[in-house]
Amino acid sequence: MTVAAKAGEPWPNLVTMFLAQAEAKGHAPFLGARSAGGTWETISWAETARRVAQVAEALIELGIKPGDRVALISENRPEWCIADLGIMAAGAVSVPTYTTNTERDHLHILEDSHARAVIVSNAKLAKVLLPAVYQADACEIVIGIDALRISQSSGAHLYHWDDIVARQPGDLAAIGARMQRVRREDLACIIYTSGTGGAPRGVMQHHGAILCSTAGAYDILEGDFGIADERFLSFLPLSHAYEHTGGQYLPIMCGAEIFYSRGIDKLAADIEETRPTIMVVVPRLFEVLRQRIMKGIEKQGGAALWLLNQALRLGEKRVRRGRLPLTDKPLDLLLDRTIRKKVGQRLGGRLKAMVAGGAPLNPEVGLFFQSLGVTLLQGYGQTEAAPVVSCNRPSAKIKMHTVGPPLKGIEVRIAEDGEILVRGELVMHGYWNNEAETARVLRDGWLHTGDIGHFDEDGHIVITDRKKDLIVLDKGDNVAPQRVEGMLTLQPEIAQAMVAGDKRPYLVGLVVPDMEWAAEWAEAQGKPADMDALLAMPEFHREIMNAVDRVNRTLSVTERVRRVVLADSPFTVENEQLTPSMKIRRHVIRKVYGDRLNALYR
């Protein structure tokens, strides 16, 4: 097997990078997960490489050919990484898919990608997936990592991972030789992301795109911290481009260990037990941790509360002045040895940095953690850029209201209308089977991000607005509001709707009841057919919410509308809440109903 010289060099493809790192690391631990017995167990680099080769050989034996698409649906676990690399090592294209997808979502992705095979982790996920598989034209093969316990197959061949993988030799030399023909410009994966039109679009990420983005992040870690015995804790969905690059391929480039968290509810314990050095996170995590820390300290009161207040005061002063005056040094040293040390221990005691992306970070939350000694680096990007474009650097002045300067080797400029444009190897080759959308966002070699911003005096990017209507929830999930709104207005009770939730944990909605339905309901209930009176009735509101819940049952978890408020009057051209082409004017409606929508989160 041919081995490239060093991490960070221009590897020809992702699999070659992994194989070279595996050969260099040998029997050192690589992938870690908590066993059923409650202990953390690891798989070595060498064993992982062997299993990757076995998966590739199994897929080839089943008839998968170079360029074929293979979908991957699984929670974060060692087999996710092994399957992803194994698909690529077979010459196929990986299609990561969210575990929260509905049957309709799966069917769209399977049909759009024309996937010939799908790897699914367990019977629970297969229950939602298989009806889509049986409707899809091209999907012939389903591989269950765990036993699927399906009594009958209809239209696709079902296989158990252990049965087809274990019998393969795992010939690393053969896989290495095959990968020598795969170049950086070749397609590695298709990651589906929601578009403003509703149907998820397949972003074509080539090997070079992910390698370019990863190398930029590697440059920051190496330059500011040094790379030595790193351990990443993976908890964001690996089907998300941010975790796929930052939580999988960045650790591989670093020669780091990857441990897989059991989920958000166990994350605090997993951090303490695994003691990571780097974590790829979303801002919502910091908000949750901040609330827990605040509650714990407030409950203690006394000296603990005084120390927290002093840490926040000095943190604000450090940001404002750039450094602390000598008179504050003794107090700063006391804080290092008390409250900051305790917070650091809660985060495992070895944490170098948490890198936040996927959604905007509240500067106040960032300041809170910086004040407590946690290095928090906010970045910016999107799936179409594989996905990291910029990031703050600890060696420079970290500005919480910015997303830092562009990564090494990436060009960013601001268009005349303020839109952020990106150019470089990390930019996708386009959307799969969608030339119109590709032509819209890729022009003259520049990716038009749809975000509005500017550079500050230090060359940091400041995001100020969003050209596109796409909602980004606080955990980084993208939701196309038009799709949800369209489904709501199909209900007889609802004439118009607008959903909101940017930077929030879930969607809420503003609903205009259908006038005719409202009149019929009022008559059946013996109520006056007066809309103002109806809007004040709790039972009328419950009927509308029943309609919303009917829609929610067909939506994925991130698309569901948890609470709604009823509009005072319909959206019209006359009140400027509709355009002449009958599209809702979100900014106008938010001015009228913003406070009431915000109150739904209390």
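The packing ranking, built from the mean of other Cβ atoms within 10 Å per residue, places the peptides 593-601, 212-220, 294-302 in the order 212-220, 593-601, 294-302, highest first. What the pair-distance distribution of region 14-182 shows, using all Cα-Cα distances binned every 5 Å from zero, is 2, 9, 18, 21, 20, 14, 10, 5, 1 percent.
Within a straight-line Cα-Cα reach of under 13 Å, Lys317 can be paired with the following aspartates and glutamates, leaving aside sequence neighbours fewer than 8 residues apart in one chain: Asp328, Asp332.
Work out the FRET efficiency for Arg553 and Asn362 from their Cβ-Cβ distance, taking R0 = 45 Å, and round it to the nearest 0.05. Can you show the working numbers first?
Details: r = 32 Å, r/R0 = 0.72.
Working from the Cβ atoms, E equals 0.90.
Taken along the Cα-to-beta-carbon direction at a fixed 7 Å, the label points for Arg313 and Gln345 span 2.5 nm.
Helical content alone sets the calculated 222 nm signal of the chain at -11500 deg cm²/dmol, taking -39,500 (n - 2.57) per DSSP H segment of four or more residues and averaging over every residue.
Is there a pair in Lys295/Lys329; Lys408/Lys475; Lys352/Lys397 whose C-alpha atoms are over 18 Å apart, and which pairs would that be? List each step's numbers first, then the result.
Numbers: Lys295/Lys329 27 Å; Lys408/Lys475 26 Å; Lys352/Lys397 16 Å.
The answer is Lys295/Lys329; Lys408/Lys475.
When its C-alpha radius of gyration is set against 2.2 N^0.38 Å (N residues), the chain gives a value of 1.02.
Checking the a/c ratio against 1.5 first, then a/b against b/c, what shape does the Cα gyration tensor give for region 304-373? Don't jump to the answer; show the numbers that get you there.
Working: a/c = 1.94, a/b = 1.25, b/c = 1.55.
Judged from the Cα gyration tensor, region 304-373 comes out oblate (a/c at least 1.5, b/c at or above a/b).
For region 175-248, the square roots a ≥ b ≥ c of the C-alpha gyration tensor eigenvalues yield an a/c of 1.5 or more together with a/b not exceeding b/c, which makes the shape oblate. Legend: calculated FRET efficiency, Arg542 to His27, from the Cβ-Cβ distance at R0 = 56 Å, rounded to 0.05, equals 0.35.
Please give the net charge around Gly459, taking every other residue with its beta carbon less than 14 angstrom from that of Gly459, where Lys and Arg add +1 and Asp and Glu add -1.
Values: positive: Arg393, Lys397, Lys399, Lys408, Arg413; negative: Glu411, Asp456, Glu457, Asp458.
Residues near Gly459 contribute +1 overall.
Using only alpha-carbon positions in region 480-599, the gyration tensor eigenvalues give semi-axes of 22, 18, 13 Å once each is multiplied by 5 and square-rooted (largest first). From least to most packed, judged by other beta carbons within 10 angstrom and beginning with the fewest, Met537, Met17 follow the order Met537, Met17.
Once fully extended, how much extra length lies between Asp444 and Glu411, figured as 0.36 nm per residue of separation less the alpha-carbon to alpha-carbon distance?
Contour length minus the Cα-Cα distance gives 10.5 nm.
Taking a point 7 Å out from the Cα of His587 in the direction of its Cβ, the residues of region 457-483 whose backbone N falls within less than 18 Å of it are 463-472. What the Cβ-Cβ distance of Ala519 and Gln135 gives, at R0 = 25 Å and to the nearest 0.05, is a FRET efficiency of 0.05. Taking the centroid of alpha carbons for each part, region 337-378 and region 524-602 are 39 Å apart.
Between region 395-454 and region 65-85, what is the separation of their alpha carbon centroids in Å? Here the two parts' Cα centres lie 28 Å apart.
Each label point was placed 7 Å from the Cα along the Cα-to-Cβ direction; for Thr39 and Met294 their separation is 4.1 nm. Under 16 Å from a label point set 7 Å out along the Cα-to-Cβ vector of His429, the amide N atoms of region 205-221 belong to 205-212. Applying the criteria of a DSSP loop state and at most 16 other Cβ atoms within 10 Å to the trypsin sites (Lys or Arg not before Pro) of region 91-193 yields Arg149, Arg167, Arg181, Arg183. Oblate is the label for region 41-121. Its Cα gyration tensor axes, ordered a ≥ b ≥ c, give a/c of at least 1.5 and b/c at or above a/b.
Only the coordinates and a few stated rules stand behind these numbers; no lab work does. Note that this is a predicted model, so its numbers are computed, not measured. Every residue, glycine as well, gets a Cβ built from its backbone with ideal geometry; the counts of neighbours run over all protein chains shown.
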